[in-house]
Amino acid sequence: MKNTFIKGAAEESTYLLEYEKQKIMTCAKSFEELAKVFVYLPGKEQDKSISEESHCKDRQSLLWKKRLMENRELFADNLKEMAGIMGQVAGRDVHAVWFPEKRRKQMIHMLEEEGLLVRDIYQLENATEKNCLAVSVKCRKNTQCTSEELAGYLSVLLDQHLQPVCGSPFFLPQEFTTVYFEEEAKLTVLSGYAKAVKETEKVSGDNFSFFETKNGYYMAILSDGMGSGEKACADSEVVVDMAEKLMDAGFSIEMTVQMINDALLAGAENLNMSTLDLCGVDLYAETATFAKIGSACTYIKSDNKVEKLESSSLPLGVFHKQDIELIHRKIHDGDYVIMLSDGVMDCISQEKGEAFMKELIGDLQFERPNEIAGCIMKYVLNLSKGRIRDDMTVLVMGFWESKYDD
């Protein structure tokens with residue numbers, strides 16, 4: 001039964017507005033970063049119709065102006081998508097569920113014994129997201145408490161396993177602030193990697209990132225820039241950086257891929273084609289989604305069984321409409337996801353045949369992701385007799401059911 005108190009209505013509105021404002025600002029900051037990638041598009045006064053351009057004697061100038069018009073259309077489409085997402089966030093229905101008065105007072109009193117003054121405590125319900133607990137709290141003078149410690153107290157009081165949401169303050173201040181908590185994920189993840197730089201270069205053309213989003217996804221992103229060296233590194237770094245910001249802002253995988261592709265096309269004079277290998281694991285639903293754009297194979301290891309995931313799509317920056325085929329899999333306790341760059345697969349294919357990679361991964365008995373990545377890299381280097389003819393990167397994620405100390 002929901003308990004709503006009139007005296008708390010104003011405070012509730014303030015908290016909910018602050019909650020939504022934080023999410024909208026996260027999106028806005030990501031849009032600002034994305035805008036930096038797009039080339040400068042001139043104003044309408046500089047545009048000419050196609051018929052006027054047809055009289056242009058300089059063919060290169062004609063092609064350039066057509067490209068600018070195409071870029072403007074891509075940019076406009078992306079702005080529409082941004083506006084749509086911000087509208088969804090602003091219009092999202094969030095409800096405060098108040099605890100029964102007696103229970104609420106009991107919790108406030110118990111937290112006061114720990115040196116914490118609580119003005120209010122309630123749950124936030126959202127139709128599309130997991131429930132969230134909001135606590136308006138401050139520390140007493142000469143008392144120090146962290147958000148993690150408060151999460152522990154709340155876990156005991158509510159018989160739930162709670163954790164502070166991403167971005168919460170480490171130490172609770174001595175003035176009232178609203179701190180949000182969420183249920184701990186069902187899966188715990190560890191990640192590791194190994195990489196080798198092409199022997200004629202100083203930096204790798206591969207870039208990658210591991211990170212957890214605010215909505216409970218653990219992401220792994222790997223991009224291989226065309227060629228090698230500093231230019232390839234810069235190209236793949238742009239792809240990884242954009243993917244990280246867009247996914248963290250709440251964009252879907254499909255829209256993330258399409259917007260990065262549009263950005264590469266808009267800045268085609270400065271950016272070359274790059275691959276994008278993306279894996280997002282919902283740590284609450286225990287499911288994984290893969291998007292493979294021109295990338296090498298990915299493997300899922302479950303005990304000694306190994307599944308190979310592959311795609312025939314072309315790299316980013318080739319076509320205006322990117323062919324995006326998502327692959328969905330269930331993730332179980334003890335599973336590993338292994339992502340590889342082209343350099344690793346090319347070496348295996350030349351020496352042993354591509355099918356040998358499944359056998360190699362299936363025979364691995366290591367548990368730590370770093371050990372698995374290092375073993376694969378060591379084996380590949382032995383096959384090539386120490387020659388590194390292309391940049392090579394191995395990413396490994398291991399997943400286990402979360403275990404709690406009750």
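The values are calculated or read from the model by the stated rules, or taken from the named source; none is laboratory data. Quantities reported herein were computed from a predicted structural model and do not represent experimental measurements. A quick note on method: Cβ atoms are made from the backbone with ideal geometry, for glycine too, and the neighbour counts reach across all protein chains shown. SASA here: full protein model, heavy atoms, side chains in, ligands and nucleic acids out. Shrake-Rupley method; radii C 1.70, N 1.55, O 1.52, S 1.80 Å.
Worth pointing out:
- Residue ranking by accessible heavy-atom surface, 1.4 Å probe, largest first, among TRP98, TRP400 comes out as TRP400, TRP98.
- Among the protein heavy atoms of the range 115-172, carbon and sulfur supply 48% of the accessible surface, probe 1.4 Å, non-protein parts ignored.
- Karplus-derived HN-Hα couplings along the range 102-116 (A = 6.51, B = -1.76, C = 1.60, θ = phi - 60°), whole Hz, x at Gly and Pro: 5, 5, 4, 5, 4, 5, 4, 5, 5, 6, 4, 5, 9, x, 10
- In terms of packing, defined here as the mean over residues of other Cβ atoms within 10 angstrom, the peptides 383-391, 226-234 line up highest first as 226-234, 383-391.
- Extending 7 Å from the Cα toward the beta-carbon at both LYS102 and LYS231 defines two label points whose distance is 7.5 nm.
- Lysine pair count for the range 336-406 (Cα-Cα distance under 23 Å; residues 8 or more apart in sequence or on different chains): 4.
- Exposure of LYS358 as accessible area (Å², to 10), given a probe of 1.4 Å and all protein chains: 90
- Applying 0.36 nm per residue to the separation of LEU326 and GLU359 and subtracting their alpha-carbon distance, the gain on full extension is 9.4 nm.
- For the range 246-267 versus the range 352-386, the gap between their alpha-carbon centres in whole angstrom: 32
- Accessible area per residue for the range 367-406 is 56 Å², calculated with a 1.4 Å probe on protein heavy atoms, without ligands, DNA or RNA.
- Accessible area of the range 272-406 belonging to carbon and sulfur atoms, whole % at 1.4 Å probe: 48
- Full extension of the chain segment joining MET110 with PHE366 gains 87.6 nm, where the gain is 0.36 nm per residue of separation less the Cα-Cα distance.
- Projected onto planes of every orientation and averaged, the convex hull of the alpha-carbon atoms in the range 117-262 covers 12.3 nm².
- Cα pair count fraction exceeding 20 Å, expressed as % - the range 228-352: 47
- Principal semi-axes of the equivalent ellipsoid, √(5λ) from the alpha carbon gyration tensor of the range 155-232, are 40, 16, 10 Å from largest down.
- Within the full protein context, the accessible area of PHE290 is estimated at about 0 Å² for a probe radius of 1.4 Å.
- GLN350 paired with LYS385, simple spin-label distance in nm, labels 7 Å along Cα-to-beta-carbon: 1.2
- Probe 1.4 Å - accessible area at SER155, Å² to nearest ten: 20
- Gyration tensor verdict on the range 295-406 (Cα atoms; rounded if a/c is under 1.5, prolate if a/b is larger than b/c, oblate otherwise): oblate
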